[in-house]
Amino acid sequence: MALDRKYSKSAGDIIKIKSDFFEKNEEMLKLSSHQADALLAQPKRTKCKICHAEIGEGTGQEVLYQSQRMRYFMCPCCGHVNSEYEDNEDFASRVYIDDDYLANYSESDRRKYEKRRDTIYIPKAKFLIDSLEKDGVKKKNIKILDDGAGSGYFVSALRKLGIEQADGIEISEPQVQFANTMNGEDVLTQVDAPDIASIIEKADVNVATFIGVLEHITNLDEVLDALKKNKKIKYIYFSVPMFSMSCFFEAAHQSCYNRHAGGTHTHLFTESSIKYMADSIGFEEYAVWKFGSDMMDLYRMICVSLDQNDNSNLREVFARKFLPMLDELQGVVDRHEEASEIHMIIKRKS
């Protein structure tokens with residue numbers, strides 16, 4: 001049982017920050033299609049990403065669902081939702097390094113950078129710090145390695161909240177340079193993907209964080225094993241995409257960009273697959289915060305569909321009626337454990 005289980009947060013200014021998903025649907029669809037091409041070129045996945053049970057058509061298993069050329073299978077052992085194809089190193093190099101990935105996940109100046117940090121990442125950092133302090137870990141004793149740190153937003157948020165020993169590692173040199181420039185100091189270090197597991201295993205920290213990262217790691221087994229071996233790491237904080245209401249909305253709106261499944265999300269977590277993963281490395285659930293974007297996804301898809309059908313005026317009426325209800329509706333989804341995203345802190349078992 002989690003020490004702390006909380007739900008929901010206001011969408012606030014996130015709709016404005018994520019405006020590309022509304023205004024550039026066709027462009028985002030092209031990007032997603034390119035990423036799908038890269039995945040479809042890989043070998044078929046025959047074992048579950050989490051528990052390694054056999055999955056796929058070769059086992060006689062039925063397809064759970066399909067969306068934008070991607071087919072998904074639910075693992076009969078741990079409940080994890082796996083795409084039909086492997087996310088191997090070739091796939092990763094195509095979508096994270098060769099592509100202009102930074103252009104889609106950064107802000108061009110410090111003011112916009114700080115607004116994104118404060119709106120999206122400060123609440124996450126505060127959740128982590130507050131949860132650790134409830135467990136008797138003083139702020140001055142928190143030492144964090146943020147893995148797959150991207151453009152450094154989470155590390156920047158931690159430092160702003162007083163965590164002096166917070167650093168990040170990231171494989172993309174442009175993102176590392178961008179993060180360090182925006183923060184005016186070296187908050188991130190560039191590392192090569194094959195070195196990440198060994199860095200984690202040797203890290204002198206008590207907290208490892210993976211914000212929107214575990215679903216992108218090709219050598220997940222090695223990284224999880226490194227976390228298991230490094231006994232200094234007492235807590236792991238991660239956020240991952242869940243098999244959720246957004247999956248149904250996306251499957252029903254094939255002319256809209258799939259933010260949640262597809263693209264670089266080649267597998268989705270469930271409560272049972274997260275528990276299996278935590279148990280396998282000697283950790284257990286400590287604190288949970290569920291706040292999804294399912295209702296925002298539904299809102300976006302209806303808006304895009306209305307525009308596509310020459311109903312832009314009706315879209316404006318719909319927006320006025322729906323937006324005041326968005327947070328309340330998402331709260332219902334969150335409390336029913338159907339949110340598109342979970343933020344979880346797991347603690348090493350004593």
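The values are calculated or read from the model by the stated rules, or taken from the named source; none is laboratory data. All values derive from a computational prediction rather than experimental measurement. Methodologically, a virtual Cβ is constructed for each residue, glycine included, from the backbone with ideal geometry; neighbour enumeration extends over all protein chains shown.
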| So, in the stretch 322-350, of the ones that are of a type in the set (A, V, I, L, M, F, W, C) and part of a strand (DSSP E or B), which residue ends up nearest to Val240 (Cα to Cα)? | Ile342
| field | Hits in the stretch 181-196 - residues which are surrounded by fewer than 20 Cβ atoms within 10 Å (Cβ to Cβ) and part of a helix (DSSP H, G or I) | value | Thr181, Ala193, Pro194, Asp195
| message | With the structure loaded, tell me whether Glu173 is farther than 22 Å from Ala11 by Cα and either at pLDDT 95 or above or touching a Leu at 6+ places or on another chain (Cβ under 6 Å) (or both) or whether it fails that test. | response | no
| message | Tell me yes or no: at least one residue of the stretch 276-293 is of a type in the set (Phe, Trp, Tyr), assigned to a helix (DSSP H, G or I) and farther than 23 Å from Met74 by Cβ. | response | no
| query | Considering the stretch 218-250 alone, what residues qualify as being more than 16 Å from the chain's Cα centre (by Cα) and either in a loop (DSSP other than H, G, I, E, B) or surrounded by fewer than 19 Cβ atoms within 10 Å (Cβ to Cβ) (or both)? | reply | Asn219, Asp221, Glu222, Asp225, Lys228, Lys229, Asn230, Lys231, Lys232, Ile233, Lys234, Phe248
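Quick check on Ile302: is it assigned to a helix (DSSP H, G or I), crowded, with 18+ Cβ neighbours inside 10 Å, at pLDDT 95 or above and more than 21 Å from the chain's Cα centre (by Cα)?
Working: assigned to a helix (DSSP H, G or I): yes; crowded, with 18+ Cβ neighbours inside 10 Å: yes; at pLDDT 95 or above: yes; more than 21 Å from the chain's Cα centre (by Cα): yes.
Yes.
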| task | Starting from the stretch 165-179, take each residue that is in contact (Cβ under 8 Å) with a residue 40 or more places away in the chain and list its partners that are assigned to a helix (DSSP H, G or I) and of a type outside the set (Ser, Thr, Tyr), counting only C-beta distances under 7 angstrom and pairs at least six apart or across chains. | result | Ile171/Ala193; Ser172/Ile97; Ser172/Leu102; Pro174/Leu102; Gln175/Leu102; Phe178/Leu102
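Counting only residues that are among the acidic types (Asp, Glu) and under 10 Å from Phe291 (Cα atoms), which one in the stretch 328-339 is surrounded by the most Cβ atoms within 10 Å (Cβ to Cβ)?
Result: Asp334.
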| task | For Ala203, state whether it is buried (at least 16 other Cβ atoms within 10 Å of the Cβ), under 21 Å from Ser239 (Cβ atoms) and in contact with a Leu (Cβ under 9 Å, 6 or more places away or on another chain). | result | yes
| said: If I go through the stretch 248-270 residue by residue, how many of them are modelled with pLDDT of 95 or more and polar (S, T, N, Q)? | reply: 1
| query | Can we say Ser93 is of a type in the set (Gly, Ala, Ser), closer than 16 Å to Asp37 by Cβ and crowded, with 17+ Cβ neighbours inside 10 Å? | reply | no
| remark: Within the stretch 305-321, residues assigned to a helix (DSSP H, G or I) and acidic (Asp, Glu) come out as Asp307, Glu316
| said: Cβ-Cβ distance below 7 Å, separation of 6 or more or different chains: which pairs start in the stretch 323-336 with a residue that is under 12 Å from Ser10 (Cβ atoms) and end on one that is in a helix (DSSP H, G or I)? | reply: Leu326/Met295; Leu326/Met296; Leu326/Tyr299; Gln330/Asp294; Gln330/Met295
